[in-house]
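Written below as structure tokens is the structure these notes are about.
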Amino acid sequence: MDNEIFEALFEIVTFFNQPQQDRQLLQQANIPLEPAALPIIVRVGHQPEISIGELANQIGRNHSSISRQVDKLVTAGWLVEVERRDQRIRQVALSPQGQRALLQIKVAREAALRDKLKDYTNADRVALLQVLQQLATTLTGLNTYHE
């Protein structure tokens, strides 16, 4: 059964990592960004003042690629650089424009997910949420689950 769990997770990750999914989400949210920018906006929204290095590690792209993309997003007004406490570490946060975009992305994502889960009962949704939260807690090392 463990392999089946892995396979299901692999399919879920594959679904969410497809640039076409990001492109559709950005179109639905009416956000004029390229798909490569979406994970940056979302991560920065979840972790204000994240460093470029942390961002690159979490997204799985190299530091210079993320740094160039961040430069474009700062220039376009989606991100702002945080005042540096350590000159070696560059940190970013969402600008007000970026915060509005993230809200629009969340609304579009919720609508898309609601559509995908339209045949799930409310009980199915509650059970799914509980299991996913438990899994997230386990995978992040903050396992507080006890049966």
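The values are calculated or read from the model by the stated rules, or taken from the named source; none is laboratory data. What you are looking at is a predicted structure, and each value in this text was computed from that prediction instead of being measured. Cβ sites come from the backbone with ideal geometry, for glycine too, and all protein chains shown count toward neighbours. Note: accessible area is taken over every heavy atom of the protein model, side chains too, but ligands, DNA and RNA are not part of it. Shrake-Rupley method; radii C 1.70, N 1.55, O 1.52, S 1.80 Å.
Heavy atoms only, 1.4 Å probe, whole protein assembly: order Phe10, Phe15 by accessible area, highest first.
Sorted by accessible area, descending: Phe10, Phe15.
Using the alpha-carbon atoms, what tilt in degrees (0 to 90, nearest 10) does helix 2-16 show relative to the longest principal axis of the chain?
Result, in degrees: 40.
What residues have an amide H closer than 5 Å to that of Gln91, excluding those fewer than 5 places away on the same chain, when H is modeled at 1.01 Å from N in the peptide plane?
Sorted by chain and number, the residues that satisfy this are Val82.
How much accessible surface area, in Å² rounded to 10, belongs to the heavy atoms of Arg90 with a 1.4 Å probe?
40 Å²
Comparing Leu129, Leu33, Leu25, which has the greatest mean-square fluctuation in the GNM of the chain with Cα pairs linked when under 10 Å apart?
Result for the chain, Cα springs under 10 Å: Leu129 fluctuates most.
Round to a whole number: what % of the accessible area of the chain belongs to carbon and sulfur, probe 1.4 Å? Could the numbers behind the result be given before it?
Numbers: 5610 of 10290 Å².
So the carbon and sulfur contribution to the accessible surface is 54 percent.
Residues of the chain: accessible area per residue at 1.4 Å, in Å²? Please list the in-between numbers first.
Working: 10290 Å² over 147 residues.
Here the per-residue accessible area is 70 Å².
For the chain, set up a GNM with springs between Cα atoms under 10 Å and report which of Val80, Val126, Val42 has the largest fluctuation.
Comparing Val80, Val126, Val42 in the GNM, the peak value goes to Val126.
Translational diffusion coefficient, Stokes-Einstein: compute it for the range 90-146 using the Kirkwood radius over C-alpha pairs as Rh, at 10 °C and 1.306 mPa s, and state it as an integer in µm² s⁻¹.
113 µm²/s
Which net charge results when you count Lys and Arg as +1 and Asp and Glu as -1 among the other residues whose beta-carbon is under 15 Å from that of Phe16?
Summing Lys and Arg as +1 and Asp and Glu as -1 gives +2.
Just the accessible area for Asp124, please: 1.4 Å probe, Å², rounded to the nearest 10?
70 Å²
Ignoring everything but the protein chains, give the 1.4 Å probe accessible area of Ser67 in square angstrom, nearest 10.
20 Å²
Round to a whole angstrom and tell me the spacing of the C-alpha centers of the range 1-31 and the range 64-119.
So the two Cα centres are separated by 18 Å.
Can you give the convex hull volume of the alpha carbon atoms of the chain per residue, in Å³?
Here the figure is 147 Å³ per residue.
Quick one: what are the phi-derived ³J(HN,Hα) couplings along the range 124-129, Karplus 6.51/-1.76/1.60 with θ = phi - 60°, whole Hz, x for glycine and proline?
4, 5, 4, 5, 4, 4
Report, in deg cm²/dmol and to the nearest 500, the calculated mean residue ellipticity at 222 nm for the chain, where each DSSP H run with n ≥ 4 adds -39500 (n - 2.57) and the sum is divided by the residue count. Spell out each step's value before the answer.
Working: 7 runs with 95 residues, N = 147.
Only helices count here, giving -20500 deg cm²/dmol.
Ranked by accessible surface with a 1.4 Å probe, highest first, in what order do Glu49, Glu4 come?
Glu4, Glu49
Can you check what the net charge comes to around Gly77, using other residues whose Cβ is under 14 Å from the Cβ of Gly77 (Lys, Arg +1; Asp, Glu -1)?
With Lys, Arg at +1 and Asp, Glu at -1, the neighbours total 0.
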